[in-house]
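Bear in mind that the values in this text are calculations on the coordinates, not laboratory data. All of these numbers come straight from a predicted model, not from anything done at the bench. All Cβ positions, glycine included, derive from the backbone under ideal geometry; neighbour counts span all protein chains shown.
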Amino acid sequence: MKSKILLTGLACLSLMGSVKSQDLIQLIPEEAEMIAAFNVKEIVQKANANKLNELLQKAGLFKRIEKSGASVGNDIKNLGIDLTQTSYFYSRKTDSVSFIEFIFPLSNKGQFEKLLHDAGEPKPFANGYSSIALKPGSMLVYNDRMARFISSTMNTTFLDNDSVANRYGIKKVAYMDPAADAYSPEIDSAAAVADSAAVAVDWEEGEKEIEPLSPPVIVESLPDTVVASVEAVVPVPMDVAPAEMHDPSYYDSLYTAYEDQNRKNDSIRNALRDKWLTGEATRLLSASYKPLSVSDQNKVLKNLGLIRLYVPHVEELYRGLMPYKSIPYLYMGINMDKFRTGYQDGVLDLSQEGNVLKLKGSMGLDKDLAEMSKRFYARKPNGKFSKFLTDKTLGFFNFNINSEAYLRDMPSYMAKYYGGLLGPQQDLVEWGLMALEVALDEKAIAQVMPGDHLFVVNGLRKFRKEYIDYTYDDDYNATEVKKTKDETLPVFIWMFTSKDQRLIKKGLDLAIAKSLGKTQDGIYAFSSKKAMDFPMYMLLKDDLVMVSNDSLSLLDIRQNKMAAPANKDFIKLMKQNKMSAAFDLQKLPAMLQEMGISPGRQWDKTFAQLNQYGSTAITSKGIVDNRMEAEMSSKLPQTKEGAISYMIDQILLEIDK
């Protein structure tokens, strides 16, 4: 019975911790376009709290806090911030202004307030929150449980529209030659028009504060409240005497008027930004908005590692980054509203597994794109690739795609998802894509190049290179001289599967017939052009086509003399993924030394430590559960406390130098 009570109690504590974390995520509005979650407890644990304290102390943070009148005893636990809960960041964008908010829990409001001593006196704001104004366009609000940093930035294109700018009292000005800047009564009168609800603005020093505006609406293009009309700049009279027009003081007065108007415009923009910031903060603290959906909350929190970045709607974010409202886009007839990508949500995770740091990303695909992508990546690497990944391999890149499916489906994919970018030529281009689809014999092309490729760097070798130098006589007349020098360079081989090599062989034989190259021991050699580059070599063996900068490596392959031990880690990476790339950092210092490359004295120690590192790899399994997945990992030196703690140790060593 006691054990049941104990288990129930532990479950309740666990649930309470989860509820606290979910309480904060419920403060994020549904229309957030980008969300980041920080697992502070995990970060502090993996980094080691004592090392974090040492790092912050050496960085001068604690000293700055003490100068502000607070004392935290060189310990982050005394900052008043709850280090056991998850913190959040998100961004939200309207047509007029962009907002960001950072939400973090507090463990001790009193301790936290001491950190704000230099920022000014906190003032009551709304719903039990206090506020402190920070730099223009940002504010900090907090209560007993949490602190919220909110910032706003005006969208630069919002006021580009003349009607919108005039509505807010902003007059566009340009410092021009007076002959080209003739006065127009219509322009002046239009700039003076103001909404009946406008509030007068005093532009004298000690500028009068504009009344708070309603928060901007997500969908509509014009915010609800209209700000002041602005006093019109004195017009340039049409009957200025030529002598006055050439008087320098006349141009000085034009420039002064130009600068005055720009200052007034900036004041209006800043007033709008600050008032919309106040309106946004009021809206958030009153919870008068729809929070992030439960489904999205789960995607943010489920199996959270150290840090997660979540984008609920990748396609909308991508469209928002495109300057499709600009005049060139409109002139070309491009309709970005019809632009589709097939991308849904996106996730990027940072995690630690012992001495390995991982950055893993995935993106949801719509049904059609997911099915098509599965056909694209329905190919495995050629099993013969494995024997070329040896203990001499510095790095490799393997990519596998189904060429037949790609050639068959790509035209229809382009027409469906990117049709909106084609403007008035959409029908014609779609017809051309259809004609290409009919004309291509994807099955025949797939026999020549099915789609699996391997690029591998296997060690170093000295190459003799010819180059052009010049000698000069007593009259400085130049004479061209051919010279040679030895260079140590990486040996690379690019290979791909080809079941039907007739076309490739015919092309190579034709090049030999045209004296563009030669063959020796079954290897095609193509000399360098103008003695500037190294020759290239090609070998056709079994069902592989190989291209390399080293004839000896290809000769060994042709004669089956490759006897180096296999690199099992690299082979495993290649076989388990649709795409993989890796580089062995342990081999980098010796490689650079052999090539005669010095990273510089300040980097000598850092490069020497690379001997303790493992491989850095980028992999992708293709499409998994209708999501495209990819991962980047890096093996750091093995330590008791793991990768992040090791990185902090290195930073501390750099600070101590």
Checklist entry - For the pair Leu552 and Gln57, what calculated FRET efficiency results from E = 1/(1 + (r/R0)^6), where r is the Cβ-Cβ distance and R0 = 51 Å, to the nearest 0.05? => result 0.35
Item to check | Inter-probe distance in nm under a simple model that places probes 7 Å from Cα toward Cβ, at Glu480 and Ser98 | outcome: 5.3 nm
Next on the checklist: How would Trp276, Trp603, Trp494 line up from fewest to most surrounding beta-carbon atoms within 10 angstrom?
Outcome noted: Trp603, Trp494, Trp276
Item to check | Rough spin-label spacing in nm, given labels placed 7 Å along Cα→Cβ, for Lys443 and Lys302 | outcome: 4.2 nm
Next on the checklist: Using Cβ counts within 10 Å as a stand-in for footprinting exposure, how do Lys51, Lys640 rank, fewest first?
Outcome noted: Lys640, Lys51
Checklist entry - What are the lysines whose alpha-carbon lies under 20 Å from the alpha-carbon of Lys51, with same-chain residues fewer than 8 places away excluded? => result Lys41, Lys63, Lys77, Lys640, Lys657
Checklist entry - What is the extension gain from Asn108 to Ala257, computed as 0.36 nm multiplied by their sequence separation minus the C-alpha to C-alpha distance, in nm to one decimal? => result 48.4 nm
Next on the checklist: Test of understanding: what is the full-extension gain from Met595 to Asp500, defined as 0.36 nm times their sequence separation minus their Cα-Cα distance?
Outcome noted: 30.3 nm
Item to check | 14 Å cut-off, amide nitrogen to a point 7 angstrom out along Glu30 Cα→Cβ, residues in the stretch 273-303 | outcome: 288-297
Checklist entry - Residue by residue through the stretch 487-499, which ³J(HN,Hα) values in whole Hz follow from phi under the Karplus form 6.51 cos²θ - 1.76 cosθ + 1.60 (θ = phi - 60°), with glycine and proline marked x? => result 10, 8, 9, x, 9, 10, 9, 10, 9, 8, 6, 8, 7
Checklist entry - Name the residues of the stretch 364-393 whose amide N is less than 19 Å from a point 7 angstrom out from the Cα of Ser293 along the C-beta direction? => result 364-370
Checklist entry - Expressed in nm to one decimal, what extension gain is obtained for the pair Arg145 and Asp368 from 0.36 nm per residue of sequence separation less their Cα-Cα distance? => result 75.7 nm
Checklist entry - HN-Hα J couplings of the stretch 578-585 from phi, Karplus 6.51/-1.76/1.60, θ = phi - 60°, integer Hz, Gly and Pro as x? => result 6, 9, 8, 8, 8, 9, 8, 5
Checklist entry - How would you rank Asp118, Asp162, Asp550, going from fewest to most other Cβ atoms within 10 Å of each one's own Cβ? => result Asp118, Asp162, Asp550
Checklist entry - Does the stretch 581-620 come out rounded, prolate or oblate, given a ≥ b ≥ c as the square roots of the eigenvalues of its C-alpha gyration tensor, rounded meaning a/c under 1.5 and, failing that, prolate meaning a/b above b/c? => result prolate
Checklist outcome for this item: Tyr472 and Lys135 label points (each 7 Å along its Cα→Cβ direction) are spaced in nm at 5.2 nm
Checklist outcome for this item: Here the residues of the stretch 603-625 lying in the modelled label zone of Gln638, meaning backbone nitrogen under 17 Å from a point 7 Å along Cα-to-Cβ, are 610-616
Next on the checklist: Using the Karplus curve 6.51 cos²θ - 1.76 cosθ + 1.60 with θ = phi - 60°, what ³J(HN,Hα) values do you get for each residue of the stretch 442-448, in whole Hz, with x for Gly and Pro?
Outcome noted: 5, 5, 5, 5, 5, 6, 6
